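The values are calculated or read from the model by the stated rules, or taken from the named source; none is laboratory data. These figures come from a predicted structure and were not determined experimentally. Ideal geometry is used to build each Cβ from the backbone, glycine not excepted, and the neighbour counts take in all protein chains shown. When the accessible area is computed, the model is the full protein with side chains, heavy atoms only, and any ligands, DNA or RNA have been set aside. Shrake-Rupley method; radii C 1.70, N 1.55, O 1.52, S 1.80 Å.
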Amino acid sequence: MTGEAARVRQMWHLLEPLHAVLYYAPAAFEEAAALGYDTEERWASYFAWRAAPLGAAGADEVVRTFHSFAPATVAEYVPASWATAPPEAVLAARLRAVDRSYRALFGDRRVEGADFAEAAALARRAAEATTSGVLGGTLDPAGPADSALGPANSALPWPDAPHLALWHAATVLREHRGDGHIAALGAAGLDPVESLVSFAAVGAARPEVFASRGWSEQEWGAARQRLQERGLLAADGTATEAGRELRAKVELRTDEEAAAPWRALGEEGRVRLAELLGEPWLETIGSGMLPGENTLGIGKV
């Protein structure tokens, strides 16, 4: 991994937990329940929270932009999500959820303090450097750029409160990275289920963790067979040397596509933002709110 790629990946690792509180915090489930969503399990609110910037998106659009979920799983929740609450109501509720969650995690004085304001300003500078198209680099994902998750979040108004602006910047940056990741997977010839099988094969997470994406045993097995035929998987489901090399290239290309915002911020600004994020990152991880093993491979890649 190049020095720049390592720095870009570090910023992703620091920002991702600050974004992900929306999907796990008790306050987020309370806000979702107030909108009318079933909160016995997390997927109804997850699809609503994450897809709302796209507008009243249909299942096909969510399948494409989320990439890793089985179409049948998406169809359980989309477009039914918008019958429960329209996207504009979901967008307002997710900011309320983040406000309550951050205050519970970090305290009122800290979220209203100088460090959060400085971090928000730096993160916003980086987020605003994401291009109006999907990517700042060389890859072209399928589908129109304005319906990818990075641009959709970029188009939303910036919250006034610094802690909410920090969360919004983290969200823009992670979805911008995600758009690039989808494009890198496509360039590697990996379809959605193959992407998960190959990721599990390099130890990013146990195959059981990826079951949440809804692929059947038959679909998972067929993807394994296809990857074995390409010489990317061994008979036991672990990656061959060629499979590891391909996944390393995917991750590197993802870092390259995510680098433009950090180049725009500059090394001094990036280092300072990393310093400011360190303590909130530790507190978020230490809260036990987020799962220890995840489908993103954070801590493993």
Please specify each residue of the stretch 14-44 satisfying the condition of being more than 18 Å from N294 (Cα to Cα) and either open to solvent by less than 40 Å² (accessible area, probe 1.4 Å) or in a helix (DSSP H, G or I) (or both). P26, A27, A28, F29, E30, E31, A32, A33, A34, L35, Y37, A44
Of all residues in the stretch 205-231, which are closer than 21 Å to A242 by Cβ and of a type in the set (D, E)? E229
Among the numbered criteria (1) open to solvent by 10 Å² or more (accessible area, probe 1.4 Å); (2) part of a helix (DSSP H, G or I); (3) touching a residue at least 40 places away in the same chain (Cβ under 8 Å), which one does D60 miss? (3)
Filter pass, P207 being more than 29 Å from S101 (Cβ to Cβ) and modelled with pLDDT under 95: yes
Listed by first then second residue, the pairs whose first member lies in the stretch 259-285 and is over 24 Å from R110 (Cα atoms), whose partner is outside any helix (DSSP H, G or I) and of a type in the set (S, T, N, Q), with beta carbons under 8 Å and at least 6 positions apart or on separate chains, are A260/T130; A260/T131; P261/T130
Checked W262, W281 against criteria (open to solvent by 20 Å² or more (accessible area, probe 1.4 Å), more than 22 Å from A187 (Cβ to Cβ) and among the aromatic types (F, W, Y)); the one match is W281
Counted residues in the stretch 118-144 being open to solvent by less than 80 Å² (accessible area, probe 1.4 Å) and either among the aromatic types (F, W, Y) or modelled with pLDDT of 50 or more (or both) come to 11
Test L173 against the stated conditions and say whether it is open to solvent by less than 20 Å² (accessible area, probe 1.4 Å), touching a Phe, Trp or Tyr at 6+ places or on another chain (Cβ under 9 Å), assigned to a helix (DSSP H, G or I) and at pLDDT 95 or above. yes
Quick check on this structure: which one of A51, A126 is among the hydrophobic types (A, V, I, L, M, F, W, C) and closer than 22 Å to E279 by Cα? A126
Within the set of pairs 6 or more residues apart or between chains, which connect a residue that is basic (K, R) inside the stretch 38-55 to a residue that is open to solvent by less than 40 Å² (accessible area, probe 1.4 Å) with Cβ atoms less than 7 Å apart? R42/Y23
